[in-house]
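The values are calculated or read from the model by the stated rules, or taken from the named source; none is laboratory data. Small disclaimer: the values here were computed from a predicted structure and weren't measured. Methodologically, a virtual Cβ is constructed for each residue, glycine included, from the backbone with ideal geometry; neighbour enumeration extends over all protein chains shown. Surface accessibility is based on the protein's heavy atoms, side chains included, excluding ligands, DNA and RNA. Shrake-Rupley method; radii C 1.70, N 1.55, O 1.52, S 1.80 Å.
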Amino acid sequence: MIRYLKTGADAADTLEADRKVRATVESILDDVAQRGDAAVRELSEKFDRWTPERFRLSQAEIDALIASLPDEVITDIQFAQAQIRRFAEAQRASMTDIEVETLPGIRLGHKHVPVESVGCYIPGGRYPMVASAHMSVLTAKVAGVKRVIACTPPLAGVAPAATIAAMAMAGADEIYLLGGIQAIAAMGLGTETIEPVDMLVGPGNAFVAEAKRQLYGKVGIDLFAGPTETLVIADDTVDAEICATDLLGQAEHGPTSPAILLTTSKRIADQIEAEIQRQLERLPTADVASVAWRDHGQVILCDTREELLAEADRIASEHVQVMTHEPRWFLENMRNYGALFLGPRTNVAYGDKVIGTNHTLPTKRAARYTGGLWVGKFLKTCTYQEVVTDEASAMIGEYCSRLCAIENFSGHKEQADIRVRRYGGKNAA
């Protein structure tokens, strides 16, 4: 039996807020489309109090920011990027071009073609997300994207040196100190000084996510992103302390971030609330994490691991931390998740920052139909066809002609018929 001991806020509660975000974003995108750089500058002044002579950083400015950082910071960024590059390169190597002869004289194939240009958004604000530079810029470069530009907002009028260093070290071709909707609009629509891109990627707040959503179609995007989510699946092999730590470690992302405990342990279910409150007393980000837990935290108690599995697949969480007797059983059987973190020795923070997998993942149950950002997202799998003999063209043409007639496509039918006539097949119907 599945028992919901603590439930989060109803999704309907956010509808009005979502409507306001949509309207704001639509207005700003229209303004940037109409006025370009002038609109971007006004918006940057309004939201970030930032109006430099130019938003793009020069190489000298980038070099100075990198030089300002302690050696340990540079070394740590290099280590993280090495892990992410290694895994992305392995993923790329798994994607091979193919060509097969499906019938005598008929060759079909596909090639993986990189997107030409990509715009990467790296969030700032309270959490300058240095790791997002690795996840987006570096992964795009491993995929073979020729032009990768990156935007991040200033922090109180100052360039975030570690974030800029990570962008540059990951291989960004252009770096802009520009944030929010105006950054997404400038990259997606283009301005007098910023050439538009073909694809937008990277996390951000509700306004950034909505801007990407509204631009989808005009440009590609990685995925539709919502607040960070985490699901902890636990049994009696662990305790409430580690479960609470992993829940709050993601709840601190924002006040609307769902954090869910799914367990077969009544002991942990009974203890989790007190342990959460104990840890909140000493957590520096408790002002955010406490609200997320209060409004969106859940505790679900199950009797069997099969019930855990069914409930986990229903929830389809972005991050799933599995701390059970046999965590790989969930790897073998679970279907809906952004990323799995197996066993108590790993955790979501490892994946977010350094271990090598990508941290841009599906939210709002999108894990039912998509995975997260990876090297393959920057590649278009494009097919081609080649008919190399007269006999093959005439043979396939006869089938095509009849199938076109069924659908009343006379022009399509003639494309087939002319080849049947020219290449020696039977008379077309």
Exercise. Say we join alpha carbon atoms closer than 10 Å with springs in a Gaussian network model of the chain; which of ALA240, ALA140, ALA60 then has the biggest fluctuation?
Worked result: ALA60
Seminar exercise, completed: Net charge near ILE355 (other residues with Cβ under 14 Å of its Cβ; Lys, Arg +1; Asp, Glu -1) is +2
Exercise. Per-residue ellipticity at 222 nm for the chain, helices alone: DSSP H runs ≥ 4 residues times -39500 (n - 2.57), over residue total, nearest 500 deg cm²/dmol?
Worked result: -14000 deg cm²/dmol
Exercise. So what's the convex hull volume per residue for the Cα atoms of region 269-314, in Å³?
Worked result: 86 Å³
Exercise. With helices defined as uninterrupted DSSP H runs, which ones in the chain have an alpha carbon span along their own long axis of at least 20 Å and mean Kyte-Doolittle hydropathy of at least -0.5?
Worked result: 15-35, 71-94, 390-406
Seminar exercise, completed: Farthest towards the positive end of the dipole of region 292-429, among PHE378, PHE330, ILE406 and with Cβ unit charges of +1 on Lys and Arg and -1 on Asp and Glu, lies the Cα of PHE378
Exercise. On average, how much accessible surface per residue is there in region 259-343, in Å², for a 1.4 Å probe, leaving out ligands, DNA and RNA?
Worked result: 43 Å²
For this session: Specify the longest stretch of the chain that does not include any exposed loop site, a site being one of the GluC sites (Glu not before Pro) with a non-H, G, I, E, B DSSP assignment and at most 16 other Cβ atoms within 10 Å.
Result: 282-406
Problem set entry | Kirkwood-based shape ratio for region 104-255, expressed as Rg/Rh from alpha carbons | 1.08
Exercise. Excluding ligands and nucleic acids, what accessible area in Å² is computed for TYR350 using a 1.4 Å probe, to the nearest 10?
Worked result: 100 Å²
Problem set entry | Two-decimal Rg to Rh for region 1-123 - Kirkwood Rh, Cα set | 1.13
Exercise. Per residue, how many Å² of accessible area does region 47-203 show with a 1.4 Å probe?
Worked result: 43 Å²
Problem set entry | Coordinate range along principal axes, alpha carbons of region 146-211, Å, largest first | 29, 27, 22
For this session: Kindly write out, for region 361-368 in residue order, the coupling ³J(HN,Hα) from the Karplus curve 6.51 cos²θ - 1.76 cosθ + 1.60 (θ = phi - 60°), rounded to whole Hz, with x marking Gly and Pro.
Result: 10, x, 10, 6, 6, 5, 4, 5
Exercise. What is the packing order of peptides 73-81, 183-191, 125-133, taking the mean over residues of other C-beta atoms within 10 Å and listing the highest first?
Worked result: 183-191, 125-133, 73-81
Exercise. With every protein chain in place, what's the accessible area of PHE330 (1.4 Å probe, Å², nearest 10)?
Worked result: 0 Å²
Problem set entry | Accessible surface ranking that places the most exposed of MET334, MET395 first, with a 1.4 angstrom probe | MET395, MET334
Problem set entry | the chain shape via C-alpha gyration tensor axes, a/c threshold 1.5 | oblate
For this session: Give me the net charge of ALA240's neighbourhood, meaning all other residues with Cβ under 12 Å from the Cβ of ALA240; Lys, Arg count +1, Asp, Glu -1.
Result: -4
For this session: For region 45-91 and region 241-276, write down the distance between their C-alpha centroids in whole Å.
Result: 33 Å
Problem set entry | Portion, in percent, of the accessible area of the chain that falls on carbon or sulfur, probe 1.4 Å | 53 percent
For this session: Please work out how much length the chain gains when fully extended from ILE74 to GLU391, using 0.36 nm per residue of separation minus the C-alpha to C-alpha distance, in nm with one decimal.
Result: 107.8 nm
Seminar exercise, completed: So, over other residues within a Cβ distance under 12 Å of GLU229, counting Lys, Arg +1 and Asp, Glu -1, the net charge is +1
Exercise. What number, in nm² with one decimal, is the all-direction average of the projected area of the convex hull of the alpha-carbon atoms of region 268-413?
Worked result: 16.1 nm²
Problem set entry | In nm, spacing of pseudo-spin labels at ARG421 and TYR369 (7 Å Cα→C-beta vector) | 4.5 nm
For this session: With all protein chains present, calculate the accessible area of ASP287 using a 1.4 Å probe and round the result to the nearest 10 Å².
Result: 90 Å²
Seminar exercise, completed: Ordering CYS382, CYS302 by the accessible surface of their heavy atoms, 1.4 Å probe, largest first, yields CYS382, CYS302
For this session: Sort TYR176, TYR369, TYR337 by accessible area with a 1.4 Å probe, largest first.
Result: TYR369, TYR337, TYR176
Problem set entry | ³J(HN,Hα) computed for each position of region 254-262 - Karplus, 6.51 cos²θ - 1.76 cosθ + 1.60, integer Hz, glycine/proline x | x, x, 10, 7, x, 10, 10, 9, 10
